[in-house]
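Peer 1: Just dropping this structure here.
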Amino acid sequence: MANEPKRWTCEEFEKALPDLFENAQGGKLSADPQFADILRDCPQAAELVRDLEYIAETARLLLEPEVDAPSSDLWQKIERELGDAPGSPVQ
């Protein structure tokens, strides 16, 4: 009986969300089976979790360095190349 999952009320779950997110694997509460019942039974909590996961994922993507990003002087190189081409209007 000690391994039985906690039975949350919607209010308890929403109050505990900051701590739950902090301890969640990969920041994904929606993927954790222990929260399946509360997310099904409390649409407002489920929507809040979706929003928080979206915000966390967006923030992570914004902070990640772009692996395939072109160098910062790419456009200057392109302009130089075009400017050096015969008959180019950029000269």
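The values are calculated or read from the model by the stated rules, or taken from the named source; none is laboratory data. Just so it is clear, the structure is predicted and the values come from calculations on it, not from any experiment. Neighbour counts run over all protein chains shown; Cβ positions are idealised from the backbone, glycine included.
Yes/no per residue for (1) under 24 Å from Cys10 (Cα atoms); (2) surrounded by 10 or more Cβ atoms within 10 Å (Cβ to Cβ):
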site: Ala24; (1), (2): yes, yes
site: Gly27; (1), (2): yes, yes
site: Pro33; (1), (2): yes, no
site: Leu39; (1), (2): yes, yes
site: Leu48; (1), (2): yes, yes
site: Tyr54; (1), (2): yes, yes
site: Gln76; (1), (2): no, yes
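Peer 1: Same structure again: Name the single residue, out of those in segment 1-15 being among the hydrophobic types (A, V, I, L, M, F, W, C) and surrounded by 13 or more Cβ atoms within 10 Å (Cβ to Cβ), that is modelled with the lowest pLDDT.
Peer 2: Trp8
Peer 1: With the structure loaded, tell me whether Ala45 is among the small types (Gly, Ala, Ser), touching a Phe, Trp or Tyr at 6+ places or on another chain (Cβ under 6 Å) and free of Cβ contacts under 8 Å to residues at least 40 places away in the same chain or whether it fails that test. Step through it out loud before you land on a result.
Peer 2: Details: among the small types (Gly, Ala, Ser): yes; touching a Phe, Trp or Tyr at 6+ places or on another chain (Cβ under 6 Å): yes; free of Cβ contacts under 8 Å to residues at least 40 places away in the same chain: yes.
In short, yes.
Peer 1: Now for a separate question. Yes or no: Ala45 small (Gly, Ala, Ser), out of contact with any strand residue (DSSP E or B) (no Cβ under 6 Å at 6 or more places or on another chain) and at pLDDT 90 or above? Walk me through it before giving the result.
Peer 2: Values: small (Gly, Ala, Ser): yes; out of contact with any strand residue (DSSP E or B) (no Cβ under 6 Å at 6 or more places or on another chain): yes; at pLDDT 90 or above: yes.
Spelling it out, Ala45 is indeed small (Gly, Ala, Ser), out of contact with any strand residue (DSSP E or B) (no Cβ under 6 Å at 6 or more places or on another chain) and at pLDDT 90 or above.
Peer 1: Name the residues in segment 12-35 that are among the charged types (D, E, K, R), under 11 Å from Glu53 (Cβ atoms) and part of a helix (DSSP H, G or I), would you?
Peer 2: Scanning segment 12-35 gives no hits.
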